[in-house]
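Shown next, in structure tokens, is the structure this report addresses.
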Amino acid sequence: MKKELLTLIVAVSIGMVSCKKNLEETPAEFTYPAVAEVSDPSVLFTTAAGVKVYNGGFGSAVAADPNAPDVFYMLTDRGSNVAGQIANSIIIGKPDFDPQIGKFRLKDGKLVLEQTIELKNTSGNKLNGLPNPAGMGASGETAYDLNGQVIAPSADGIDSEGLVRAADGSFWISDEYGPHIVHFDASGKTIERINPFGTATGGRKIPAVFANRRANRGMEGLAISPDGKTLVGMMQSPMYNPSKTAVANSVVLRILTFDIATGATKQYAYLMDNVTLTGVSDIVAVNSTTFLTIERDGLYGGAAANPATFKKVFKIDLSGATDISDASNGATGKLYGGKTVEELNNAAGLSTAGIIPVSKTVVLDLLKDLPSIYPHDKAEGLALLPGNILVISNDDDFGVVDNGASGFAQKILPLTNSVDRNRLYFVKIKL
């Protein structure tokens, strides 16, 4: 119990698996390490200052393969980027980067990339990570390349953050632009793109209020019910609804449920622990009404100065919560005493309005309950394996961070003095 190399033995029943290949290749008992790191990530490019940008970036979300206990699908976000010096600007390291899903296999305690699934539009052309145009999910950000040239917005831009793998092998992904919820086939080609605007194939929409999402804090997490019928999207932070100023002290986030067959939606209020957090990074289903979420600050675990203090996994239950959907589908959603749900700010405000938020209890503290100190700033993805083994992925940001002057610096973990890498942590939890 003292070493990080401690392994968790999980009995995986394969008696019901019909796939001969899995029967032959997958052992009846599988051993998960406490932590597994991605093996030998490739270098996307090196900046003029010698900073290496890695590919990398696969920790925004993780999904397990139900037919292979050693296979995990991991998602990149929009690509390597840092904040610009101009307000609402970003520096895009590789404008033609295609957000992608990596298929990784766990071998000898390492995660080995076996396949890259590039995300594509309905015509089969590659998507990109550029901000969307006005009326199609624009975040208000202006993108620049490394030479200081403005990059035009793109209707094919996606800031992919939440990932689920459906039983048929297709994928659903949520993003921080729109927000969009996009259905991809197993090859990464878009089947349907759903957002508050109805601008994509199929024309189905999510409620208009979600267009008020805060830039870079959109639909960060996505889950699917065990029966495969319902998607559950989690907003990262309180939406700017009706404005940034009006919700400055709010801890009220929204959860959206989406019936895949009918498009019917419901909404619920979720209370973030405190206003200083970056918010909720992911959501994963336990059953049809119970889910796990992860909330975090933006600091590094084990840092000598200003160390992380909050990275927790919660169990939540939707069954007793109030549906806060707006039958009229107004731009600010249903109002309570003339206020938006976000303007109600906290538990007391919700109670006064007669709103019951989802219930919430701590099941894991990453900063206290792991065999060794959690060194990362970003705990971003969740998956749940048989035997209540929770899988947590970190976003390594392609190995780079903002250097404070519109450029890239290497992302070094203070605890280890090494470049951040994508990892999966495996933890037995009690539910």
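The values are calculated or read from the model by the stated rules, or taken from the named source; none is laboratory data. A quick note: this is a predicted structure, and the numbers were derived from the prediction, not measured. Cβ placement follows ideal geometry from the backbone for every residue including glycine, while neighbour counts extend to all protein chains displayed.
General remarks:
- Extreme residue, farthest from the chain's Cα centre (by Cα), among residues of region 136-154 that are crowded, with 16+ Cβ neighbours inside 10 Å and part of a loop (DSSP other than H, G, I, E, B): 146
- Criterion violated by residue 204 - all others in (1) touching a strand residue (DSSP E or B) at 6+ places or on another chain (Cβ under 8 Å); (2) farther than 23 Å from residue 285 by Cβ; (3) surrounded by fewer than 22 Cβ atoms within 10 Å (Cβ to Cβ); (4) modelled with pLDDT under 95 satisfied: (2)
- Screening region 277-293 for residues that are farther than 17 Å from residue 216 by Cβ and not aliphatic (A, V, I, L, M) and picking the one that is surrounded by the fewest Cβ atoms within 10 Å (Cβ to Cβ) gives 287.
- The sole residue among 221, 178, 162 that is of a type outside the set (D, E, K, R), surrounded by 17 or more Cβ atoms within 10 Å (Cβ to Cβ) and either free of Cβ contacts under 8 Å to residues at least 60 places away in the same chain or touching a helix residue (DSSP H, G or I) at 6+ places or on another chain (Cβ under 6 Å) (or both) is 178.
Condition check ((1) over 28 Å from residue 211 (Cβ atoms); (2) at pLDDT below 95; (3) of a type in the set (Gly, Ala, Ser); (4) out of contact with any strand residue (DSSP E or B) (no Cβ under 9 Å at 6 or more places or on another chain)) across all residues:
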{"site": "332", "(1), (2), (3), (4)": "no, no, no, yes"}
{"site": "336", "(1), (2), (3), (4)": "no, no, no, yes"}
{"site": "347", "(1), (2), (3), (4)": "no, no, yes, no"}
{"site": "352", "(1), (2), (3), (4)": "no, no, no, no"}
{"site": "364", "(1), (2), (3), (4)": "yes, no, no, no"}
{"site": "367", "(1), (2), (3), (4)": "yes, no, no, no"}
{"site": "385", "(1), (2), (3), (4)": "yes, no, no, no"}
{"site": "426", "(1), (2), (3), (4)": "yes, no, no, no"}
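- Out of 69, 99, sole residue that is buried (at least 16 other Cβ atoms within 10 Å of the Cβ) and either among the hydrophobic types (A, V, I, L, M, F, W, C) or over 28 Å from residue 370 (Cβ atoms) (or both): 99
- Taken as a whole, the structure leaves residue 371 outside the set of residues that are in contact with a Ser or Thr (Cβ under 7 Å, 6 or more places away or on another chain) and either surrounded by 14 or more Cβ atoms within 10 Å (Cβ to Cβ) or free of Cβ contacts under 8 Å to residues at least 12 places away in the same chain (or both).
- Considering region 374-421, the residues that are over 24 Å from residue 223 (Cα atoms), among the aliphatic types (A, V, I, L, M) and in contact (Cβ under 8 Å) with a residue 40 or more places away in the chain include one that is surrounded by the most Cβ atoms within 10 Å (Cβ to Cβ), namely 400.
- Residue check, residue 167 farther than 16 Å from residue 217 by Cα, in contact (Cβ under 8 Å) with a residue 60 or more places away in the chain and either part of a loop (DSSP other than H, G, I, E, B) or out of contact with any Gly (no Cβ under 6 Å at 6 or more places or on another chain) (or both): yes
- Total residues in region 41-58, condition within 11 Å of residue 399 (Cβ to Cβ) and either crowded, with 23+ Cβ neighbours inside 10 Å or touching a residue at least 40 places away in the same chain (Cβ under 8 Å) (or both): 9
- Enumeration of residues in region 108-140 that are touching a residue at least 60 places away in the same chain (Cβ under 8 Å) and not aliphatic (A, V, I, L, M): 109, 110, 118, 120, 121, 122, 124, 135, 137, 139, 140
- So residue 211, is it closer than 25 Å to residue 331 by Cβ, part of a loop (DSSP other than H, G, I, E, B) and hydrophobic (A, V, I, L, M, F, W, C): no
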